[in-house]
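Worksheet: one structure, shown below.
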Amino acid sequence: MNRTLAILKPDCLEKKIQGKVIQQIIDAGFTIKGMRLIKLTPESAQKFYEVHKERPFYSALVEYMTSGPVIPMALEKENAVADYRKLIGATNPEKADEGTIRKLYADSIERNIVHGSDSDENAAKEIAHFFNESDIV
Ligand code: ADP
Ligand code: MG
C-alpha cells in the first residue's frame, strides 16, 4: 500500500462540493487514513508550497490557500500518488481529462479544487505537514 496527501482547497469548500469530491475519491478505491478541517496560516501555506517560492504565482497561491478552510487527507491505495493524480487531472483544468475532479469542478489553473502529492517522497513529507503518525488510523 502507498500513501498520498490530498487537500480539498478553499474553492472546493466554497462551492460546497467537498462531499461529492470525497465520494469520488472513495469510489476510485482510496481509503481515507487521516482527515482534518483547518484554516491554513500564511506561515503554514508558505512552508507547504516552499518549492514554488520563486514562481510568479507563489504569493497569490498562498493567499488563495489561506482564504478559507481546507480539508487535508492522508489517502491510501496501491500506487496512490499516480492514481490520485490521474483522478484529479492536470493542474490546468482546461488540459485535464474528461471526468477528472479538476475538469469537472475547477475554474482556473490556480483555483483547481484539489492538491495531490507528486512523489512518494513528497507524499511522506506532505502528510507529516498535517498529521502526526498517531493521527493516521
Ligand atoms: P499541482 O497542484 O498539479 O501539483 P503545481 O505543483 O505545479 O501543480 O502547483 C501548485 C499549485 O499552484 C497548483 O495546484 C495551483 O493551485 C497553483 N498554480 C500552479 N501553476 C500556476 C500558474 N501558472 N498560475 C497560477 N497558479 C498556479
Ligand atoms: Mg505539485
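The values are calculated or read from the model by the stated rules, or taken from the named source; none is laboratory data. None of the values given here were measured: they were computed from a predicted structure. For neighbour counting, all protein chains shown are included, and Cβ atoms are generated from backbone atoms with ideal geometry for every residue, glycine included. Only protein heavy atoms, including side chains, enter the accessible area calculation; ligands, DNA and RNA are left aside. Shrake-Rupley method; radii C 1.70, N 1.55, O 1.52, S 1.80 Å.
For the reader, a short list of remarks on this structure follows.
- Surface accessible to a 1.4 Å probe, per residue, for the residues of the chain, Å²: 54
- Difference of contour (0.36 nm per residue) and Cα-Cα distance, residue 108 to residue 79: 7.7 nm
- Computed in the context of the full set of protein chains, the accessible area of the chain at 1.4 Å probe radius has 49% of its extent on carbon or sulfur.
- Under the Karplus curve 6.51 cos²θ - 1.76 cosθ + 1.60, θ = phi - 60°, whole-Hz ³J(HN,Hα) for segment 126-131, x wherever Gly or Pro sits: 5, 4, 5, 5, 10, 10
- Residue order for 65, 1 - accessible surface, 1.4 angstrom probe, largest first: 1, 65
- Net length available on complete extension from residue 16 to residue 38 is 6.4 nm, with 0.36 nm assigned per residue and the Cα-Cα distance removed.
- Percentage relative contact order, segment 19-137, counting C-alpha pairs under 8 Å, at least six apart: 25
- The distance linking segment 76-137 with segment 26-57 is 9 Å (Cα centroid to Cα centroid, whole angstrom).
- Overall form of the chain per C-alpha gyration tensor (a/c, 1.5; a/b vs b/c): rounded
- Label-to-label distance, nm, for residues given as residue 128 and residue 51 (7 Å Cα→Cβ offset): 1.5
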